[in-house]
Amino acid sequence: MNLLPDRIRRWTGMVRTALTVLALCRTMQYLRADAPQDFSRQFETIRRTATPAQLFTLLYAAPKAGDLHHHIGGDWRMEDLYRVATNALAAEGQRFYTRVRAGDCSGEGNSWVRFATISRRDWQALPECQQAEYLPLDQLDGTLRTEWINSLRLDQPGEGRDEFFERIWPRLGALQRDPYVGMEMLVETMKRYGAEGVRYLEPQLIPDFWISPDGKAVDGEAFYTQMSHRLNQSDALATGVAVRFQVVVIRFLPNAEQRVAAAYDFVDRHRDLFVGINMAGREDNNKGYPRRFLDIYRQMRHRYAGVGLSIHGGEADEPNAHGRDTLLLGATRLGHGVNLITDDDLLLHLRSGIALVEINLVSNLLLEYVKDYREHPFAEYLRTGIPVALSTDDSGMWDAGMTEEYYTAVTEFNVSWSELTSMGTNSLHWSFAEPALKARLLSSYRQSLESFEKQFGGTDWPERLKSVHPVAYGYARRRWNLEF
């Protein structure tokens, strides 16, 4: 008598029974009231029941991915800038002076801009009459120091793009060109962004923009060496934030075409840190229209491979063809994209996934490209299949961070958890980071999301939030009355 079939049947039955019991145990685990649920449903529950402070805290704790639209200088937190700038005398023999009064001095270049900040060398070159209009930055008393810090932010009703472009950036003056200040403030920014879960930054800068304390230009090669060294120091590495740079070209300058060619050459020779080109500058300055640059970008593609191209596009009030012309230049990312909504054919084209739109919600409101968020096309892009990602633009000048972008998206546009995480994935997938770094960042982001969803997936999420210590900057206090 052959017993093998009976044994096989018995063993098969035992295996089926074991699998059934295991499945039931897993089912019972997820039926427990405090067990993690599908987090998309959990997020909807939290959003409906949480207080504004709880929701902001949850979003502060949420893993974030990359910030792809990010300007060096505009991202500086101004309290940190004051500390770094006033430490410069001990660190590198530099001292800064800021203009605190309008005198009676006449002369070319003496137009009145309160809190315009210059280097010690430039201050020493002024006539004595003009020198008296300035104070050393490190000698500002409490009131003047607060006024100086606030002068570098859009924090008052009525301030908009003219204040931003024509006054705030000029006030930075010598600070934005000092290499010590620039490198130290980048690390301060990495600390701040790392604390709220950002893991990748792609700042825009000009490598040969910097001026040493003795007034000599710092060439791009020297700056690259200094920056590489600074980013490999322990405090920078401890932030957990990876940084790759875009070389920015100001689009309306007379020599912008030559600057594009120089930018490609520089990126090609320093691909370990520099990954792309960006064109910036006010789009309402008609000397920087995209078609102007078609020939130079075609020449550069003939010579160079693998250099990313992201261009500010669609940050204008009036309908125009700048968005499609920007794509024609070869860009795979469009910065802002507010007025792309006016070009029906372009919208259909973008739905094919040929380019990502870098969304800057706080920026667009403060610079008055939208009067309120009902006018913003973000949701239309997001929900018609156009690749988008949230970014901060100039968070220091908004007195905000990445969490403020997340909170705006959730409260103004009803963005879901899956939409938030998809945008995070987009920010890494569409980054110009090298493939190995991109793969590592995507893996890290997925793992962090899994841990976060387990941590806040149960009914005890309010209690768990008590262990999170969010930072809400001035924008959150002014707009949502959030203070921690």
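Meeting the requirement of 1 or more residues that are in contact (Cβ under 8 Å) with a residue 60 or more places away in the chain, the helices (runs of 4 or more DSSP H) wholly within the stretch 251-370 are 361-366. Screening the candidates L152, L135, L144, L186 for the property of being assigned to a strand (DSSP E or B) and of a type outside the set (V, I, T) yields one hit, L135.
The residues of the stretch 171-199 that are touching a residue at least 60 places away in the same chain (Cβ under 8 Å) and on the phi > 0 side of the Ramachandran plot amount to a single one, G197.
In the set R230, R167, R161, only one residue is touching a Leu at 6+ places or on another chain (Cβ under 6 Å), closer than 21 Å to M78 by Cα and surrounded by fewer than 18 Cβ atoms within 10 Å (Cβ to Cβ); that residue is R161.
Scan the stretch 201-212 and tell me whether some residue there is polar (S, T, N, Q), closer than 29 Å to D122 by Cα and surrounded by fewer than 22 Cβ atoms within 10 Å (Cβ to Cβ). Yes, the stretch 201-212 contains at least one residue that is polar (S, T, N, Q), closer than 29 Å to D122 by Cα and surrounded by fewer than 22 Cβ atoms within 10 Å (Cβ to Cβ).
Results for (1) in contact with a Pro (Cβ under 9 Å, 6 or more places away or on another chain); (2) under 23 Å from Y475 (Cβ atoms), shown as yes or no for each residue.
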{"position": "S310", "(1), (2)": "no, no"}
{"position": "H336", "(1), (2)": "no, yes"}
{"position": "A355", "(1), (2)": "yes, no"}
{"position": "L361", "(1), (2)": "no, yes"}
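Of all residues in the stretch 347-366, those being surrounded by 23 or more Cβ atoms within 10 Å (Cβ to Cβ) and either polar (S, T, N, Q) or modelled with pLDDT under 95 (or both) number 2. Out of A85, A90, one residue alone is closer than 20 Å to V187 by Cβ and at pLDDT below 95. It is A90. Scoring F209 on the criteria (1) in a loop (DSSP other than H, G, I, E, B); (2) over 24 Å from H69 (Cα atoms) leaves a single failure, condition (2). Of the listed requirements (1) surrounded by fewer than 23 Cβ atoms within 10 Å (Cβ to Cβ); (2) over 21 Å from the mean Cα position of the chain (by Cα), P377 misses just one: (2).
The values are calculated or read from the model by the stated rules, or taken from the named source; none is laboratory data. Just so it is clear, the structure is predicted and the values come from calculations on it, not from any experiment. Cβ coordinates were reconstructed from backbone atoms using ideal geometry, including for glycine residues, and neighbour counts include every protein chain displayed.
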